[in-house]
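Structure, as structure tokens:
The values are calculated or read from the model by the stated rules, or taken from the named source; none is laboratory data. Quick caveat: nothing in here was measured; it's all calculated off a predicted structure. For neighbour counting, all protein chains shown are included, and Cβ atoms are generated from backbone atoms with ideal geometry for every residue, glycine included. Side chains are part of the model used for accessible areas, which takes the heavy atoms of the whole protein and leaves out ligands, DNA and RNA. Shrake-Rupley method; radii C 1.70, N 1.55, O 1.52, S 1.80 Å.
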Amino acid sequence: MTGQGSGSRPAPLAGVRVVDVATLFAGPLAATILADYGADVVKVEHPKRGDPARTHGPAKDGVALWWTSLARNKRTVTLALNTPAGAEVAKRLLAGTDVLIENFRPGTLERWGLSPEVLHEINPRLVIARVTGFGQFGPYSDRPGFGTLAESMSGFASITGWPDGPPTLPPFGLADGISALSTAQAVMTALYERDRPGGSGLGQVIDLAIIEPIVTLLGMQPMVYDQLGTIQTRTGNRSINNAPRNTYRTLDDKWVAISTSAQSIAERVMHLVGHPEVVQEPWFASGATRAEHADELDAYVGDWIAERDLEEVVKAFTEAEAAVAPIYDISDVFADPQYQALDTITTVEDPALGPVRMQNVLYRLSETPGSIRWTGREHGADTRAVLAEYAGLTDDELDQLTAEGVL
């Protein structure tokens, strides 16, 4: 069991019951975040077709590594929601549930007789998070949606990459991850509204389109386009807002990144690399005008760094109170003493793999820390226990539903 802090109070989300019927990444990761802080998350999968994350990506000895992390802290239940009997079991399961997270195409739950209106008749306090590519309405709402499409349509890909190269997609689920964080925050907002003094006492529906949260992170782009008609273009590792800002190769063939978002940092960098004279130039006084001289500034910084090993560069920048960071791969993250101090990559015991290392819980709470209590469990490992406890199914009912293929 891993966690953070030394708090002795119950987990912050203890008593919050979540049913996760979503697949792959955005919805399930949101549920994982809630589970890490004590929510009782029940992962519901089809009896024959489990979550595709079970077979997505690398595996070791037949154990899917992505599932091992993504499904941690969740109890697993099999249930065919698309059958009348399965829908009735779902209603019984959701009658005492706080949160439902789903990512079916709009209209799917309605077709199965599990619309928000039906569920709120059964449980008015239920918060329903609907995570889809394009949202619940609009001309694209019935299209299949994935994070890659959001990274494309949001404007992210169009500004990522080199000016003379193609638009560039991230090599991991960026939009899905951002949407997962946004979904978890939205769920907590809805729960707070429901339960705060003077709150409604009622659940509500969260409509989260994966194409939207990543747009929020574009910063000033929408307003700049609206007010100035300017469309940001690809600038590689440079910034249109300040310079020097780039990646630079060291003498020992390593790479570092520097940022000079603050004027004082930019001045320290130029003093450090032996060109204090440029600080007196009128154009050096703002980030935007410094960016217009990026070629010159990059040459000064790049030449200085190229003559020194990584250790010397980081030491010199640190002593000068200038912002620098080495470019890490994942092995460097594992070895870095700051990450080790934070326990960012923590060790968890898995019944099949033994000790495994994965990302720790997302943030530290001093008194009610989160924890990783177990890794992703086998398909349907908790079906009978959960449905007996939360849906009130008897042994005979469980046996019958299993024989019918509903469980």
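Things worth noting here:
- Summing charges over neighbours of residue 301, with a neighbour being any other residue whose Cβ is under 14 Å away from its Cβ, gives 0 when K and R count +1 and D and E count -1.
- Principal-axis tilt of helix 84-94 within the chain, Cα atoms, nearest 10 degrees: 70
- Dipole check for region 311-391: with +1 at the C-beta of Lys and Arg, -1 at the C-beta of Asp and Glu, and the Cα centre as origin, the magnitude is about 420 Debye.
- Averaging the Cα positions of each part gives two centres, and for region 214-259 and region 122-199 these lie 23 Å apart.
- Using a cutoff of 8 angstrom between alpha carbon atoms and counting only pairs six or more residues apart, the relative contact order for region 1-100 works out to 30 percent.
- Mean Cα-pair separation over length for the chain, i.e. relative contact order, pairs under 8 Å, 6 or more apart, %: 23
- For region 129-225: accessible area per residue (Å², 1.4 Å): 53
- Relative contact order (%) - region 271-329, alpha-carbon pairs under 8 angstrom, separation at least six: 30
- Region 337-403 has equivalent-ellipsoid semi-axes of 36, 16, 7 Å, by the square roots of 5 times the alpha carbon gyration tensor eigenvalues, sorted largest first.
- Structure-based [θ]222 nm, the chain - -39500 (n - 2.57) summed over DSSP H runs of at least 4, per residue, nearest 500: -10000 deg cm²/dmol
- Label point 7 Å beyond Cα of residue 168 along Cβ direction - residues of region 289-313 with amide nitrogen under 18 Å: 295, 298
- For region 64-71, putting each phi into the Karplus relation 6.51 cos²θ - 1.76 cosθ + 1.60 with θ = phi - 60° gives couplings of 6, 6, 5, 4, 4, 8, 5, 9 Hz, in residue order, rounded to whole numbers and with x for Gly and Pro.
- Once the Cβ-Cβ distance of residue 137 and residue 251 is raised to the sixth power relative to R0 = 51 Å, the FRET efficiency obtained is 0.35.
- Given the chain, longest segment not containing exposed loop chymotrypsin sites (Phe, Trp or Tyr not before Pro) (DSSP; at most 11 other Cβ within 10 Å): 173-362
- Fluctuation leader among 211, 305, 372 - the chain, Gaussian network, Cα springs under 10 angstrom: 305
- Counted charge near residue 397, where neighbours are those whose Cβ lies closer than 11 Å (Asp, Glu -1; Lys, Arg +1): -3
- For residue 169, the solvent-accessible surface with a 1.4 Å probe is about 80 Å², rounded to the nearest 10.
- A run of the chain free of exposed loop cleavage sites, with GluC sites (Glu not before Pro) counted only in DSSP states other than H, G, I, E and B and at most 15 other beta carbons within 10 Å, reaches its longest extent at 1-291.
- When the inverse distances between all different Cα atoms of the chain are averaged and flipped, the Kirkwood radius reads 24.2 angstrom.
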